[in-house]
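Q: Please find one structure pasted underneath; my questions will follow.
The values are calculated or read from the model by the stated rules, or taken from the named source; none is laboratory data. From a predicted model like this one, the values you see are computed outputs, not experimental measurements. No Cβ is skipped: glycine too gets one built from the backbone with ideal geometry, and neighbour counts run over all protein chains shown.
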Amino acid sequence: MKTINFIIAILCSLSVQAQPTLKGAYVSKQDKDVIICLMDGYFVETKYNVDTKVFNYTWGGPFVKDGNKLLITIHFDSRDKAAVGKTKEIVFVKKDHEIIDKGENILAGNWRMSGRKNGDKITENPLRARRTYKLLTGNRFQWIAINIETGEFSGTGGGVYSFVNGNYTENIEFFSRDSSRVGASLSFTGKVENEQWHHSGLSSKGDPIYEIWTKK
């Protein structure tokens, strides 16, 4: 019995160690235009300059932490779709980065758009190769529209957000498809219900939307 308990304890310990422990948003001390966000075991690195409204690149995917290294399975890379599906190893040391936030917020996580609501009708969007993620840390957000099989990168945008009393506001700092959107603010009604994030209001084009996001 002692041997069995010992084995179980080791397995539990390994399971805990295997879970990603990094979360939050960081800026590189070597390049202040580079932001790294990590939530729910998902990594996103983006380079942009809010003053010049220039978007440079973004890439990322699921990661596993191994000491001071991150092993990232690339889901998207705006510079090279041939990189999708490959594994990239990077060194991530906190002292080389300045923490922006600790990833602590009721909305913090890596959300996938899982449906839309039109009137009383909900159209579900099952998990497939083509997907849209919105990764939120404590006060930063970024959406990414991608296809993890073809490597197609359809676009991204992000910046900082707030969520107070059901009011969700995005302040756009970069937009890969339209730099004129930088500096704009969008406000929505939001709530988390049954582990889903309900998000409604007007899109950046002024169209009414009701989106449902899930972490699954």
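Q: Before we move on, is Gly190 at positive phi and either assigned to a strand (DSSP E or B) or not assigned by TED's automatic domain parsing to the domain that holds Asp31 (or both)?
A: Taking the combined requirement at face value, the residue does not satisfy it.
Q: Continuing with the same structure: Only one of (1) exposed (fewer than 15 other Cβ atoms within 10 Å of the Cβ); (2) outside any loop (DSSP other than H, G, I, E, B); (3) outside the structural domain of Glu193 (by TED's automatic domain parsing) fails for Arg79. Which number is that?
A: Here Arg79 clears every test but (2).
Q: Follow-up question, since we're still on this one. Picking from Lys117, Lys65, Lys88, Lys134, which residue would you name as being in contact (Cβ under 8 Å) with a residue 12 or more places away in the chain, within 15 Å of the chain's Cα centre (by Cα) and assigned to a strand (DSSP E or B)?
A: Exactly one of Lys117, Lys65, Lys88, Lys134 is in contact (Cβ under 8 Å) with a residue 12 or more places away in the chain, within 15 Å of the chain's Cα centre (by Cα) and assigned to a strand (DSSP E or B), namely Lys134.
Per-residue answers, yes or no, for (1) touching a residue at least 24 places away in the same chain (Cβ under 8 Å); (2) farther than 22 Å from Asn105 by Cβ; (3) buried (at least 22 other Cβ atoms within 10 Å of the Cβ); (4) hydrophobic (A, V, I, L, M, F, W, C):
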residue: Thr150; (1), (2), (3), (4): yes, yes, no, no
residue: Gly166; (1), (2), (3), (4): yes, no, no, no
residue: Phe188; (1), (2), (3), (4): no, no, no, yes
residue: Trp197; (1), (2), (3), (4): yes, no, yes, yes
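Q: In region 1-28, which residue that is surrounded by fewer than 16 Cβ atoms within 10 Å (Cβ to Cβ) and at pLDDT 95 or above is nearest to Tyr133 (Cα to Cα)?
A: Val27
Q: When region 173-186 is examined, which residues are found to be in contact (Cβ under 8 Å) with a residue 40 or more places away in the chain, of a type outside the set (D, E, K, R) and assigned to a strand (DSSP E or B)?
A: Scanning region 173-186 gives Phe174, Phe175.
Q: If I ask for residues that are assigned to a strand (DSSP E or B) and either within 11 Å of Tyr210 (Cα to Cα) or modelled with pLDDT of 95 or more (or both), which ones from region 122-131 would you list?
A: Across region 122-131, the qualifying residues are Ile122, Thr123, Arg130, Arg131.
Q: Still on this structure, I have one more. For region 93-104, name all the residues that are over 22 Å from Gly159 (Cα atoms) and in contact with a Lys or Arg (Cβ under 9 Å, 6 or more places away or on another chain).
A: Listed by number, the list holds a single entry, Lys95.
Q: Quick check, is Gly157 in a loop (DSSP other than H, G, I, E, B), surrounded by 21 or more Cβ atoms within 10 Å (Cβ to Cβ) and touching a residue at least 24 places away in the same chain (Cβ under 8 Å)?
A: The answer is no for Gly157.
Q: Another one. Residues being surrounded by 17 or more Cβ atoms within 10 Å (Cβ to Cβ) and either touching an Asp or Glu at 6+ places or on another chain (Cβ under 8 Å) or free of Cβ contacts under 8 Å to residues at least 12 places away in the same chain (or both): count how many of those fall in region 199-213.
A: Total meeting the criteria: 1.
Q: Quick check on this structure: which one of Asn118, Asn110 is surrounded by 12 or more Cβ atoms within 10 Å (Cβ to Cβ) and of a type in the set (S, T, N, Q)?
A: Values: Asn118 fails: surrounded by 12 or more Cβ atoms within 10 Å (Cβ to Cβ).
The unique qualifying residue is Asn110.
Q: So Leu127 fits all but one of (1) within 15 Å of the chain's Cα centre (by Cα); (2) closer than 22 Å to Ile74 by Cα; (3) touching a residue at least 60 places away in the same chain (Cβ under 8 Å); what number is the exception?
A: (1)
Q: Test Ile146 against the criterion of being touching a residue at least 40 places away in the same chain (Cβ under 8 Å) and in a strand (DSSP E or B), and give yes or no.
A: On the way: touching a residue at least 40 places away in the same chain (Cβ under 8 Å): yes; in a strand (DSSP E or B): yes.
Here the answer is yes, as Ile146 does meet what is asked.
Q: Out of Gly158, Gly151, report the one residue that is of a type outside the set (Ser, Thr, Tyr), outside the structural domain of Asp33 (by TED's automatic domain parsing), more than 16 Å from the chain's Cα centre (by Cα) and at pLDDT 95 or above.
A: Being of a type outside the set (Ser, Thr, Tyr), outside the structural domain of Asp33 (by TED's automatic domain parsing), more than 16 Å from the chain's Cα centre (by Cα) and at pLDDT 95 or above holds for just one of Gly158, Gly151, which is Gly151.
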